[in-house]
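*Asks:* Could you have a look at this structure, given as structure tokens, before my questions?
Quick note: the coordinates plus some simple rules give every number you see, no bench work behind them. Not measured: the values here are computed from a predicted model. With ideal geometry, Cβ positions are generated from the backbone for all residues, glycine too; neighbour counts draw on all protein chains shown.
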């Protein structure tokens, strides 16, 4: 299929062939007929992408701060990779479309192939021939629906939510500042509700359009003595509500809103404007209420709602994202509002870049810009050949998932070796698959698992989100593939049992991303200490992650104990050279309710003992990891994988690294080298299973009052 993408680094925009998106459980695949360019929102995105690095930095000060923090903690190389990953990405554009259902994922009811639908969502309802959208971001349309109008779905729902936040009543007066797409639709909704509606804009063109098409009752330019006119129309009281639908960095809209609103009135921020208003004379003296409108309504940014398809009780959350979209479409169906006039320009999708040239050049007036898609022929293509040279070698590798971790720590460390063939890349996003395949010279990108698990690939890297690891590991075992899986190997004890059972039948080499054991610091410790009885203390300043993050979601990320603590259990296992046999844990309850500030005590088969102090409530200024090892009159201290100190015989040997090195490169090189030479994984399967099982028993210990669990 074809999709419109832009590179953040260069601003290059292109309609290119990419694999169709995957359709997972709870998803609906749609062939777009129309999508709408939200000129205000997308213009700012395109403008930022076309700026130089300094300009980009000024646009995103928060991201610059993150880069500086990464530089301090991880060094210039990792920082460079992280920045380049963002700059080189093919970023999808668009978030509002309408079309025809071509497939329905597992667990989706109420939709069938052939249904006409309207779609919403950044990253979902893209400018692309085919999109895959979660069911709560899709609404079904009548068979005779005008799909071009319906494609305003997201923008209409955003305007709808702004009007709902205003809680405006029949006969009251609303002022709408900004008569672009949002403002015009918001005006039509307020007028349909029996509200006296006044529009304000700096553009004579938008004012004329709003008046001509009855989006407002009155409209004024910014310099037309606006305050006086509004007071005249409201008998000297001011507006009951002001809705700011403009997008600007100026404080003028928020201060103007204060001047136009009646005493005890409300101001709703619908557009992207700063809110640092002047306290006097209006906001303070009138006791005005400032209300933010969050996108298209309740459910936005909620993983349970948007990704998992959950819903809020109708009686308690009357208007969710989906119900706002349905209400907007109902207004169109019943001709309560008319938005056909908003589409001032329509382009065939093949000419999408010309539409953006119009927005950027501003050589003629515009409001809504529609992209029209051809619906003839087969637009679904799961596999795209990149043009990379096909060759033969002992190892043929493919990737399932290629997000931040894979791009920073796995893909850059694949050696250029004639014995290693780079076959295919599969990710949820066709744009990511295409970029990774091109950048790292894989032969193809795809959206079909069959292309990855076929006979042409013998080594599969699994770097997807945690909840899919077990499924892919099991498939890899059954297909007799060499497997690398980013931690954790699975999320549930039952999954681990199934993996162990499958492995006992077909002993495919399995490697897990326990990179720390391969770091130079740990290698030096092993060389000095060997294996044997030792005492170990591992303190991790893990940092806070909010409970609504996918990492903390037990069904998606598994929580931090399963998702990350397995790393540290493995490292202690590797250092002392034997498996854990007893484990107990004690946590400190916190408001996060995630049990991620805890102490874990372990006893190992050879008599070694270890403590993992995993704390999420500390200062971010403190380095993340600190390991102490005591054995036979010697002590080693590994400080954040930058400094190693060994105390022995009255002397201290210190080794410092310029950059933090957690062993990612060494892990990759060792794994691939091991497959080429011995055909085995460099980590014993017993250790992989033991570290995973230990994290499950940590949770069991916490659930049973810090009971000591004897490991099998």
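*Asks:* For a quick check: sort 304, 351, 378, 596 by the number of other beta carbons within 10 angstrom, fewest at the front.
*Replies:* Working: 304 16, 351 12, 378 7, 596 26.
With the fewest neighbours first, 304, 351, 378, 596 line up as 378, 351, 304, 596.
*Asks:* Under the 0.36 nm per residue contour assumption, what length would be gained going from the current alpha-carbon distance of residue 279 and residue 169 to full extension?
*Replies:* Working: separation 110, 0.36 × 110 = 39.60 nm, distance 2.72 nm.
Length difference between fully extended and current span is 36.9 nm.
*Asks:* Let me ask you something else. Label residue 12 and residue 250 with points 7 Å out from Cα along Cα→Cβ: what is the distance between them in nm?
*Replies:* 3.7
*Asks:* Measuring from a point 7 Å past the Cα of residue 374 along Cα-to-C-beta, which residues in the range 118-160 have an amide N at less than 17 Å?
*Replies:* Of the residues in the range 118-160, 128-130 have backbone N under 17 Å from the label point off residue 374.
*Asks:* Go ahead and run the numbers for FRET between residue 707 and residue 622, Cβ-Cβ distance against an R0 of 45 Å, rounding to 0.05.
*Replies:* Values: r = 31 Å, r/R0 = 0.69.
Between residue 707 and residue 622 the formula returns 0.90.
*Asks:* How much length would be gained if the chain were fully extended between residue 531 and residue 680, taking 0.36 nm per residue of separation minus their Cα-Cα distance, in nm to one decimal?
*Replies:* Details: separation 149, 0.36 × 149 = 53.64 nm, distance 2.19 nm.
Difference between extended and current length: 51.4 nm.
*Asks:* When the Cα centres of the range 479-504 and the range 353-423 are compared, how far apart do they sit, in Å?
*Replies:* Distance between centres, Cα-based: 30 Å.
*Asks:* Quick check on the range 239-304: what are the equivalent-ellipsoid semi-axes from the Cα gyration tensor, as sqrt(5λ), descending, whole Å? Working shown, then result.
*Replies:* Working: eigenvalues 110, 36, 18 Å².
The answer is 23, 13, 10 Å, longest axis first.
*Asks:* Can you give the Rg and Dmax of the range 180-228 based on its C-alpha atoms, in angstrom?
*Replies:* 10.1, 29
*Asks:* Test of understanding: express the Cα radius of gyration of the chain as a ratio to 2.2 N^0.38 Å, with N the residue count.
*Replies:* Details: Rg = 29.0 Å, N = 712, 2.2 N^0.38 = 26.7 Å.
Here the answer is 1.09, to two decimals.
*Asks:* If the chain between residue 388 and residue 144 were fully stretched, how many nm would it gain, using 0.36 nm times the residue separation less the Cα-Cα distance? Please report the intermediate quantities before stating the final value.
*Replies:* On the way: separation 244, 0.36 × 244 = 87.84 nm, distance 4.59 nm.
Taking residue 388 through residue 144 to full extension adds about 83.3 nm, to one decimal.
*Asks:* When the helix-only estimate is applied to the chain (DSSP H runs of n ≥ 4, each -39,500 (n - 2.57), divided by the residue count), what is the mean residue ellipticity at 222 nm, nearest 500 deg cm²/dmol? Intermediate values should be presented prior to the final figure.
*Replies:* Details: 20 runs with 220 residues, N = 712.
It comes out at -9500 deg cm²/dmol, rounded to the nearest 500.
*Asks:* Among 104, 460, rank each residue by its count of other Cβ atoms within 10 Å, from fewest to most, as a rough exposure measure.
*Replies:* 104, 460
*Asks:* Over all alpha-carbon pairs in the range 635-686, figure out the percentage whose distance exceeds 17 Å. Write out the running numbers ahead of the final one.
*Replies:* On the way: 739 of 1326 pairs.
Counting pairs separated by more than 17 Å, the tail of P(r) holds 56 percent.
*Asks:* With everything on Cα atoms, drop me the angle between helix 321-333 and the longest principal axis of the chain, reported from 0 to 90° to the nearest 10.
*Replies:* 30
*Asks:* Can you compute the modelled spin-label distance between residue 333 and residue 549, with each label point 7 Å from Cα toward Cβ, in nm?
*Replies:* 4.2
*Asks:* Hey, with R₀ at 60 Å, roughly what FRET efficiency would residue 237 and residue 456 work out to, going by the Cβ-Cβ distance, to 0.05?
*Replies:* Values: r = 74 Å, r/R0 = 1.24.
Given R0 = 60 Å and the Cβ-Cβ separation, E is 0.20.
*Asks:* For the range 516-710, compute Rg over Rh where Rg is the Cα radius of gyration and Rh is the Kirkwood radius from the inverse mean 1/r over Cα pairs. Write out the running numbers ahead of the final one.
*Replies:* Details: Rg = 17.0 Å, Rh = 17.6 Å.
Radius of gyration relative to Kirkwood radius: 0.97.
*Asks:* Any idea what angle helix 493-505 forms with the longest principal axis of the chain, computed on alpha-carbon atoms, 0 to 90 degrees, nearest 10?
*Replies:* Once rounded, the angle reads 50 degrees.
*Asks:* Next up: By count of other Cβ within 10 Å, fewest leading, how are 641, 484, 647 ordered? Intermediate results must be reported in sequence, preceding the final value.
*Replies:* Values: 641 23, 484 26, 647 14.
Exposure proxy ranking, most exposed first: 647, 641, 484.
*Asks:* Next question. Under a point spin-label approximation (7 Å from Cα along Cα-to-Cβ), what is the residue 601-residue 651 distance to one decimal in nm?
*Replies:* Distance between label points: 3.7 nm.
*Asks:* What FRET efficiency comes out for residue 315 versus residue 223 if R0 is 56 angstrom and r is the Cβ-Cβ distance? Round to the nearest 0.05. Spell out each step's value before the answer.
*Replies:* Details: r = 48 Å, r/R0 = 0.86.
The formula returns an efficiency of 0.70 here.
*Asks:* State the Cα centre-to-centre distance between the range 637-669 and the range 543-600 in whole Å.
*Replies:* The range 637-669 and the range 543-600 have Cα centres separated by 24 Å.
*Asks:* Let me ask you something else. Run the numbers on the chain and let me know its relative contact order in percent, using alpha-carbon pairs under 8 Å that are six or more apart. Working shown, then result.
*Replies:* On the way: 1573 pairs, mean separation 78.1, N = 712.
Relative contact order, the chain: 11 percent.
*Asks:* To continue, here is another question. Specify, per residue and in Å³, the volume enclosed by the convex hull of the alpha carbon atoms belonging to the range 383-512. Intermediate results must be reported in sequence, preceding the final value.
*Replies:* Values: hull volume 12.2 nm³, N = 130.
Measuring per residue, one finds 94 Å³ for the Cα hull of the range 383-512.
*Asks:* Any idea what angle helix 352-361 forms with the longest principal axis of the chain, computed on alpha-carbon atoms, 0 to 90 degrees, nearest 10?
*Replies:* The helix 352-361 is inclined about 60 degrees to the chain.
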